[in-house]
Every structure is written in structure tokens, then in C-alpha cells.
Amino acid sequence: MKKLFSALLLSFAATALFAQKPALKPIDYVNPFIGTAATGHTFPGACLPFGLIQASPVTGSVGWQYCSEYIYADTRIWGFSQTHLNGTGCTDLGDVLVMPVTARPDRKDYRSTFSKSSERARPGYYSVELTENYVTAELTATPHVAYHRYTFHKLRGARNNITRT
């Protein structure tokens, strides 16, 4: 009985010791933020290869530097639009801008600051916390459609005290 127990224990220890992590797929190495700095003219939003939709945040749209409507160093989001182009060298498309906002008496405009630490992007998905609007924005893409999900957080007391729902 001792030999059987020892053999089982050794077997479990060997399994744990030599267990391999699942192999990473090429998609696991993709970083959608590459090329979004300065005039890289790329965007981090949700899109698929050969897809018709490129849903992404807009941090600016005036001037040559905003050809993709996003620069990583920006601290305010103007909204989210459905189509963007990478590396065109000129502003294109004339998108309809969507921006989720909450009614506040101190609001001066529709734009919102956001925290870089809350920004997440991977192929086909993008999310960010809009700090002034108290909204979590999530974008995802299929080959023909983009889905936007906005989670509005309840305001409680002080301006920066958010209750997550």
C-alpha cells in the first residue's frame, strides 16, 4: 500500500512539474497600440482582417496628425466611430461620432478624459473607462457589424465617487 501511495504521489508531482502551459497563438502577440503614437496613423479599435467595420475611439480629427483619429498621447476621447483607415496620410470617411454621456450640471462639452490604465485592446475588441462621463465603453467587431456596449455607472455623492453597476 505504501508503494502504491508513493507511486501515485510521485506521478502527481511529475505531472505538476512537467505540465506545460498552453501554447500561445499568433493572435496572442498582437498589440493594437503599435503605431498609435505621434504620426503613426493607426488606431487601436475593434476590427477584423478584411472586415467592413473598424470601430475605434476618436481623440481628435483636425489636422494631418489625426488621419486615423487617434493619438496615444491624447488624454480626451471625443467619441467612437465605425470606420477608420490606417496610414492614409489624410483625413477620410466623415464618420458619425457616438459619445455616451451622463447629465451633469457642470458639463462643458461632450468629450471625456480617460485613464490609459483602463484602456484595453486586442484584435476585435476595445474598451476604456470614460472618467468624466462615468461610462465604460466597449467595442467589438464582426466581419460586417460593430457592437458598442456602454455601461453607465451610478453617481453617488462626490463627483469622482462612482458606484459600479
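The values are calculated or read from the model by the stated rules, or taken from the named source; none is laboratory data. Worth saying up front: this structure is predicted, and the values here are computed from it rather than measured. Calculation scope for accessible area: heavy atoms of the full protein, side chains included, ligands and nucleic acids excluded. Shrake-Rupley method; radii C 1.70, N 1.55, O 1.52, S 1.80 Å.
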Practice prompt. Heavy atoms only, probe 1.4 Å: what % of the accessible area of region 22-135 goes to carbon and sulfur, would you let me know?
Written response: 63 percent
Item to complete: With a/c under 1.5 counting as rounded, go ahead and sort region 32-75 into rounded, prolate or oblate using the C-alpha gyration tensor (a ≥ b ≥ c being the square roots of the eigenvalues; past the cut-off, prolate if a/b is larger than b/c, else oblate).
Response: prolate
